[in-house]
Amino acid sequence: MLNVAVVGSGPAGLYAAEALVKQAAALPVPVPVRVDVIDRLPTPYGLVRYGVAPDHKSIKSIAQYLRKVLESPGVRFVGGVRLGADVTRDDLVSAYDAVIYATGAMRDRRLGIPGEDLPGSYAATDFVNWYCGHPDMHSGAFTLDAESVAVIGVGNVAVDVARILARDPEELHATDVPQPVLEALRASKVREVHMIGRRGPAHAKFTTKELRELGELPGVEVVVHADEADLNAFDLAGQGVTLVESDRRVRGNLVAITKWAQGGGAPPSSSGHARRLTVRFWLRPTEILGTERVEEVTLERTAISADGAFGGTGEFETLEAQMVLRSVGYQSVPLPGVPFDPRTSVVPNALGRVLGEDGSPLPGEYVAGWLKRGPTGVIGTNKSDAAETVRCLLEDMAGGPGEGDVPLPRAGLLRYPDPAAASAADWPLAGVLAGRGIEPVSYAEWLRIETAEADLAKALGRGDRVKLHNAEAIWAACRPPRD
């Protein structure tokens, strides 16, 4: 029996657990595997549960696939266990034959401009966590009393944030958005949303499907300035034209953007729309202004020179906004005791093998997902990424150390556990956690949370599920108070 710990129960972690079970069974001599999927939260699925917008039901349905992984024989959910607080890296390395770190990227990059910490200026991650019901966020964290909101960034997360702000909240009634969040969206005073990108439309990271959804929002007028949609207006090197010629996604984006391109326009109320969404390009924020809270954002026009250099032009404009949400990329955070490269914000690795300070692989330690490669790709990208890591793990566990063995990576450096010493009843961390008074959340307890959310939806007449809106409610559902 090969015992492996996977730290993180999001897509990367659960795809790694799936790959372990399948690849080990497909070896010339099949090896039984037992995988403990450890998460600091009492709820699994990570980004699928707490990062996908509530109105994207097709993407959220990935949770049904991940559920099957958690219900696979040999896979166990170990919730409510924090690495660094409840268990240490040394605990895991000592207790398991191998450890895979897959905790994703949880922190937004900062803008690094004056005024960024004014009240009303937030990381988009916090806003996403709020409307997704993350237990780290209080349901009253956001009061949408701003009439104008600036979303800095033109990736899919920025599009999600802008869409939730602009969408008629009644269209979210049948989704799983927490009830207090839905009520806050109903009371929202937001009438204008500005989504702002540093470069041109050809450089934007959003997908065409996400972009087109903005134009399908009832009661929302989408505006793009004609000069900013022009591929040649601020790009003298022709980089945008080259991207359009080589990338079908960019071509699809340009079709939608060109359709919306226009200058100026009437206020939303007089144009017959309840709200307006303006997509801006070739602008970068240089300062957030305000006394007691955000009032304005100073933007500098950017351009690409004939020699391909990108930078500011010295031309500025001021945008009125009472809220700023930055969405300019994610970063992973260091795990206690685990090697981390602060320059790239990933665990240094070779094909998923964790590297030590001397650049050599550390026996028995692996990494997958955004913590391995940075925040790139879509949810499905984690599947092939995890498979690569697991292939390396199984190669390294192919035999036992012999005379003349060389450092990893090399097949057979690590020894498989002795089958005679393994028991189906054994649980590697049982003694460690019991000694510290930690009672992990089981999969059965997680299902109690699911049931409570289904019951809440039924009581509210709101679809299949409504998320419990805070940590207290989640824990109460997971472990009901005893009489």
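The values are calculated or read from the model by the stated rules, or taken from the named source; none is laboratory data. Only a predicted model underlies this, so the values are computations on that prediction, with no experimental measurement involved. Cβ coordinates were reconstructed from backbone atoms using ideal geometry, including for glycine residues, and neighbour counts include every protein chain displayed. The area values use the complete protein model at the heavy-atom level, side chains included, leaving out ligands, DNA and RNA. Shrake-Rupley method; radii C 1.70, N 1.55, O 1.52, S 1.80 Å.
Just a few scattered comments:
- Residues K22 and I438, FRET efficiency given R0 of 35 Å [Cβ-Cβ distance, rounded to 0.05]: 0.70
- For the range 98-115, Karplus couplings with θ = phi - 60° (6.51, -1.76, 1.60), whole Hz, Gly/Pro x: 7, 10, 10, 8, 8, 9, x, 10, 9, 10, 6, 6, 8, 7, x, 10, x, x
- Put simply, the amide H of A98, placed in the peptide plane, has neighbours under 5 Å in A5, leaving out anything fewer than 5 places away on its chain.
- Restricting the range 308-399 to trypsin sites (Lys or Arg not before Pro) that sit in a DSSP loop and have at most 12 other Cβ atoms within 10 Å of their own Cβ leaves R343.
- Phi angles of the range 329-340 translate, via the Karplus equation with coefficients 6.51, -1.76, 1.60 and θ = phi - 60°, into HN-Hα couplings of x, 9, 9, 6, 10, x, 9, x, x, 8, x, 8 Hz per residue; Gly and Pro are given as x.
- Residue-wise HN-Hα coupling along the range 167-175, computed from phi with Karplus coefficients 6.51, -1.76, 1.60 (Hz; x: Gly, Pro): 5, 4, x, 5, 6, 9, 4, 8, 8
- Taking GluC sites (Glu not before Pro) across the range 68-175, the ones in a DSSP loop with at most 11 further Cβ atoms lying within 10 angstrom of their Cβ are E71.
- Protein heavy-atom accessible surface, 1.4 Å probe, per residue over the chain: 43 Å².
- Hits among lysines - C-alpha to C-alpha of K467 under 29 Å, sequence gap 8 or more where chains match: K57, K60, K68, K189, K209, K383, K458
- Packing rank of 193-205, 232-244, where each peptide gets the mean count of other beta carbons within 10 Å, highest leading: 193-205, 232-244
- Distance between the range 102-179 and the range 208-245 - C-alpha centres, whole angstrom: 23
- All C-alpha to C-alpha distances of the chain, sorted into 10 Å bins beginning at zero, yield P(r) values of 4, 18, 26, 24, 17, 9, 2, 0, 0 percent in whole numbers.
- Within the chain, helix-based [θ] at 222 nm, where runs of 4 or more DSSP H residues each add -39,500 (n - 2.57), nearest 500: -9000 deg cm²/dmol
- Placing dummy labels 7 Å off each Cα toward the beta-carbon, the span from R251 to A187 is 4.9 nm.
- Close amide H contacts of L289 (hydrogens built in the peptide plane, cut-off under 5 Å, sequence separation of 5 or more or a different chain): E295, E296, V297, T298.
- All Cα pairs of the range 166-232, percent lying beyond 16 Å: 61
- Near-label residues of the range 1-15 by backbone N, under 18 Å of a point 7 Å along Cα→Cβ of T381: 10-15
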